[in-house]
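A.B. asks: So that we are looking at the same thing, I have put the structure below in structure tokens.
The values are calculated or read from the model by the stated rules, or taken from the named source; none is laboratory data. Since this is a predicted model, take the numbers as computed values, not measurements. Here Cβ is always computed from backbone atoms with ideal geometry, including for glycine, and neighbour counts include all displayed protein chains. Accessible surface is based on the protein model in full, side chains and every heavy atom, while ligands, DNA and RNA are left aside. Shrake-Rupley method; radii C 1.70, N 1.55, O 1.52, S 1.80 Å.
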Amino acid sequence: MTNNLTSSISKKLLAALLVVTIGAEILLYLTRFSSLASTLYDAVMVASIFVGIKLHRRLWSSVVRPKTKRQLTLQFTGAFLIFFFGSASINIYSSVIYNDFSDDYGEYVEDYTEMQTYEDETAKAPDPEESAVWSFIDRVDTIGSDIYLDAMAGLEEVWRLAYIVLFLVVCKRLFRGRWESGRRDIFVMAALFFTSILFGVDHTLDSEQSWPVRIGAIVTFANMGLLFGLILLWTRNLWLTVLVHSLYDIMATLSWYYIDNAVELFAFGILIVYSILFLLEKIQQKRRVVQVEKVEGAVQIGE
């Protein structure tokens, strides 16, 4: 995989990688002061899809047999469950160790929820018949905006992979002897750690926070970033990781503001699907073993 990730990079791709990584971070910081920077940051995230298409191919291995649709679905559901249980543990840890961050984040969720409720109660149309229509449109607009932002958040995995590629390319040049010896796992783990820390830091760039809150945010989101990075390396599927990230964020937003326990209900449904697919896959594997044994037995009899 490391050979594929660090294979020849054109100048255009290198420029795109720098824009998606360093450029996106600069824009994210500037969103504190400029709505234009926020718009440009969204544009970079959308454009990163094309970079992701290029990088996704580098995760493939010609040696590994392509997965079936069932195996891909099993991998996706497994990845989502890993992140669900992992993030739950991280949230419990942060609520105990980083009280300032936990309280600050809780207040943010409450304030946003109250703001939406207040807007719903005060939004009135002159015509009573139109009131319900406009209220519905406002609700759809608000929820749609939140879901759009959460879907965009999944593209942060393109950002992560782009950073990993750049980091490995630098290591390949600086530590040529160790690289050529094949001992490259340390570089992959270092890249994973580096991007996880940056993932945590980036979640504090767009707003000013006190240091106790900022440290809590960095540690919490860095741990979640580490989970996403492990999922990316395990699945070797960028878009699957993007989907897990987006869906989790969407369910979390629905759970906080609109539908109680949406994350837990969705995860329970995913668990049921995973269990069924896992059982079917095991049955299929046993059938394959039996078929192979029959073929080998027939060959031995023929000999």
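A.B. asks: Using only alpha carbon pairs under 8 Å that are at least six residues apart, calculate the relative contact order of the range 9-112 and give it in whole percent.
C.D. replies: That works out to 16 percent.
A.B. asks: Still on this structure, please answer the following. Run through every distinct alpha carbon pair of the chain and return the Kirkwood hydrodynamic radius in angstroms, one decimal place. Each step should come with its number before you reach the end.
C.D. replies: Working: mean 1/r = 0.0453 Å⁻¹.
Taking the inverse mean of 1/r over all distinct Cα pairs, the chain comes out at 22.1 Å.
A.B. asks: Additional query: What lysines sit close enough to residue 172 to cross-link, taking a C-alpha to C-alpha distance under 27 Å and skipping anything fewer than 8 places away on the same chain?
C.D. replies: Partners within reach: 11, 12, 54.
A.B. asks: While we're here: Counting alpha carbon pairs within less than 8 Å and at least 6 residues apart, what relative contact order, in whole percent, applies to the chain? Present the calculation step by step, with values, prior to reporting the outcome.
C.D. replies: On the way: 261 pairs, mean separation 86.4, N = 303.
Worked out over the chain, it gives 29 percent.
A.B. asks: Next question, about the same structure. In Å³ and rounded to a whole number, note down the convex hull volume per residue for the Cα atoms of the range 157-252.
C.D. replies: Each residue corresponds to 109 Å³ of Cα convex hull volume.
A.B. asks: Any idea of the accessible area per residue across the range 17-93, 1.4 Å probe, to the nearest Å²? Provide the component values of the computation, followed by the final result.
C.D. replies: Details: 4370 Å² over 77 residues.
Roughly 57 Å² per residue, with all protein chains present.
A.B. asks: How large is the helix-only mean residue ellipticity at 222 nm for the chain, computed as the sum of -39500 (n - 2.57) over DSSP H runs with n ≥ 4, divided by its residue count, in deg cm²/dmol to the nearest 500?
C.D. replies: Calculated mean residue ellipticity at 222 nm is -27500 deg cm²/dmol.
A.B. asks: Sort 150-156, 244-250, 160-166 by packing, meaning the average of other beta carbons within 10 Å per residue, with the highest value first.
C.D. replies: With the highest mean Cβ count within 10 Å placed first, the list reads 160-166, 244-250, 150-156.
A.B. asks: To continue, here is another question. Are there DSSP H segments in the chain that both extend 18 Å or more along their axis (alpha-carbon positions) and score a mean Kyte-Doolittle hydropathy of at least 0.5? List them, or say none.
C.D. replies: Helices passing the filter in the chain: 35-58, 69-97, 156-174, 185-202, 211-235, 238-253, 262-302.
A.B. asks: Semi-axes of the equivalent ellipsoid for the range 48-87, please: Cα gyration tensor eigenvalues, times 5, square-rooted, ordered largest first, whole Å. Mind dumping the intermediate values first?
C.D. replies: Values: eigenvalues 97, 58, 16 Å².
Three semi-axes, in Å: 22, 17, 9.
A.B. asks: To continue, here is another question. Could you estimate the translational diffusion coefficient of the range 196-265 from the Stokes-Einstein equation, with Rh from the Kirkwood formula over C-alpha pairs, at 10 °C and 1.306 mPa s, in whole µm²/s?
C.D. replies: Working: Rh = 13.3 Å.
This corresponds to a translational diffusion coefficient of 119 µm²/s.
A.B. asks: What order, most packed first, do the peptides 258-264, 284-290, 75-81 have when packing is the mean number of other Cβ atoms within 10 Å of each residue?
C.D. replies: 75-81, 258-264, 284-290
A.B. asks: In whole angstrom, and with the biggest value first, how far do the Cα coordinates of the range 150-193 range along each principal axis?
C.D. replies: Dimensions of the range 150-193 along the principal axes of its Cα atoms: 42, 15, 13 Å.
A.B. asks: Also, quick follow-up: On a C-alpha basis, how far is the centre of the range 161-180 from the centre of the range 236-282 in Å? Whole number, if you could?
C.D. replies: 34
A.B. asks: Then there is this: Based on the alpha-carbon set only, what is the convex hull volume of the range 1-50 divided per residue, in Å³?
C.D. replies: Value for the range 1-50: 78 Å³ per residue.
A.B. asks: Per Stokes-Einstein, at 37 °C and 0.692 mPa s, what whole-number D in µm² s⁻¹ belongs to the range 213-303, with the Kirkwood radius over Cα pairs as the hydrodynamic radius?
C.D. replies: 193
A.B. asks: Still on this structure, please answer the following. What share of Cα pairs, in percent, lie more than 15 angstrom apart in the range 1-103? Don't skip to the answer; put the middle values down first.
C.D. replies: Values: 4041 of 5253 pairs.
Tail of the P(r) past 15 Å holds 77 percent of the pairs.
A.B. asks: Starting from 0.36 nm per residue, how many nanometres of slack lie between residue 193 and residue 7 once their C-alpha separation is accounted for?
C.D. replies: Numbers: separation 186, 0.36 × 186 = 66.96 nm, distance 2.19 nm.
64.8 nm is the gain from fully extending residue 193 to residue 7.
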